Amino acid sequence: MSIEQLAETALAMVAPGKGIIAIDESTGTIAKRFAGVGVENTEENRRAYRELLLTTPNLSQHISGAILFDETIRQKTKDGVPFAKYMADNGMIPGIKVDKGTHALAGFPGEVVTEGLDGLRARLEEYYKLGARFAKWRAVINIGDDIPSGTCIEANSHALARYAALCQEQGLVPMVEPEVLMEGDHDIETCFEVTEVTLRSLFDALYQQNVALEGTILKASMVVPGKDCDEQASVDEVAEATLMCLKSSVPAILPGIVFLSGGQSDEDATAHLDAMNRLGPNPWPLSFSYGRAMQSAALKLWSQDLVKNYAGAQDTVFARARDNGMAALGQWDRTA
Ligand code: 13P
């Protein structure tokens, strides 16, 4: 696989006015989301729900690709079309979550490291054959008393860089995701410092592992105060802090940055992205790779009547895609 092909895929992922829908919840995470709205967590319900999302009419107007979970990339529409083929036929790039989740970092209480490197080359080879063209790995950095440690940041950066190199070897664009969590009472300055140090460590590790940045996408968390911080920040403060942090730590050659929503409200996730793009031009396209902020409203509506609300839930998905797509251009109209 040439760097040019990887770069082409990466650029298509952040095409103007388009972003990614993250529907890669593990079986445990989707269980939580379904339980929250009273949907039974069966394989058929998971399949039907993912079909609802992916077959939303005209979704590709604002969605360039979707991140799937291992189970999902093996599933089909009710008409028997594999989801990955359905996506490719409808102008969306299939992606796949390839990490195996977070585990306690031995010797460092309260900190986690993401696992999943063992056997990854063979799994990537299979996912490519199943149609995936990009792959996501999520590292999690907790903020708390005396954490994160340098060791935690380094261990996670190293794993992210090893996975990214393997992805490129196998023809998949790595979507590297170092998520700094919003849990805690820390202020926005602390989030800024932790995010900056994490991103610098990540790009250092990517450089050391010979990862071609032209064929890499960063999935970043925004710089926000902790959920329990007394002093919350305005939309403009979040936009300015996030942009400054990214500019100080992310090379300009990167084809694009997408954000996770991380538990922000739908409106905040859209408003923050829109504000950052209004402050442009920026060194990279800034778009979205939202999970909850793309899906929550639709899941809630669908859960109230899985049959009658099917089309309404798809309308809701489309509306969220449109709003976030406009925010990726800095043209979101909150009154529309
Ligand atoms: P949220 O937007 O719900 O944070 O999910 C995005 C994601 O893929 C996290 O890994």
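Of note:
- Flag for Ser265 being within 16 Å of the ligand (Cβ to nearest atom), crowded, with 16+ Cβ neighbours inside 10 Å, modelled with pLDDT of 95 or more and within 18 Å of the chain's Cα centre (by Cα): no
- In segment 89-118, of all residues being touching a residue at least 60 places away in the same chain (Cβ under 8 Å) and of a type in the set (D, E, K, R), the one that is farthest from Ala22 (Cα to Cα) corresponds to Asp99.
- Elements of type strands (runs of 3 or more DSSP E) in segment 92-182, at least 3 residues being modelled with pLDDT of 95 or more and under 19 Å from Leu254 (Cα atoms): 134-141, 173-180
- Conditions (1) closer than 16 Å to Arg138 by Cβ; (2) in a strand (DSSP E or B); number of the one not met by Gly65: (1)
- Candidates are the residues of segment 305-333 that are without any contact (Cβ under 8 Å) to a residue 24 or more places away in the chain and among the polar types (S, T, N, Q); the one that is surrounded by the fewest Cβ atoms within 10 Å (Cβ to Cβ) is Asn309.
- Answer residue from segment 118-142, given it is of a type in the set (A, V, I, L, M) and within 16 Å of the ligand (Cβ to nearest atom) and is farthest from Leu11 (Cα to Cα) among those: Ile141
- Scope segment 99-140; condition over 12 Å from Asn156 (Cα atoms) and either crowded, with 18+ Cβ neighbours inside 10 Å or in contact with a Cys (Cβ under 7 Å, 6 or more places away or on another chain) (or both); matching residues: Phe108, Leu120, Arg123, Leu124, Tyr127, Gly131, Ala132, Arg133, Phe134, Ala135, Lys136
- The residue pairs whose first member lies in segment 247-262 and is in contact (Cβ under 8 Å) with a residue 24 or more places away in the chain, whose second member is assigned to a loop (DSSP other than H, G, I, E, B) and within 16 Å of the ligand (Cβ to nearest atom), and whose beta carbons are closer than 6 Å, counting only pairs six or more residues apart or on different chains, are Gly256/Val14; Phe259/Met222; Leu260/Ser221; Gly262/Met182; Gly262/Ser221.
- Qualifying residues in segment 21-49 (those that are within 14 Å of the ligand (Cβ to nearest atom) and part of a helix (DSSP H, G or I)) - the one surrounded by the fewest Cβ atoms within 10 Å (Cβ to Cβ): Gly28
- Breaking point among (1) under 21 Å from Ala7 (Cα atoms); (2) touching a residue at least 60 places away in the same chain (Cβ under 8 Å); (3) in a helix (DSSP H, G or I), for Ala205: (2)
The values are calculated or read from the model by the stated rules, or taken from the named source; none is laboratory data. Here the structure is a predicted model, which is why all the values come from computation and not from measurement. Cβ sites come from the backbone with ideal geometry, for glycine too, and all protein chains shown count toward neighbours.
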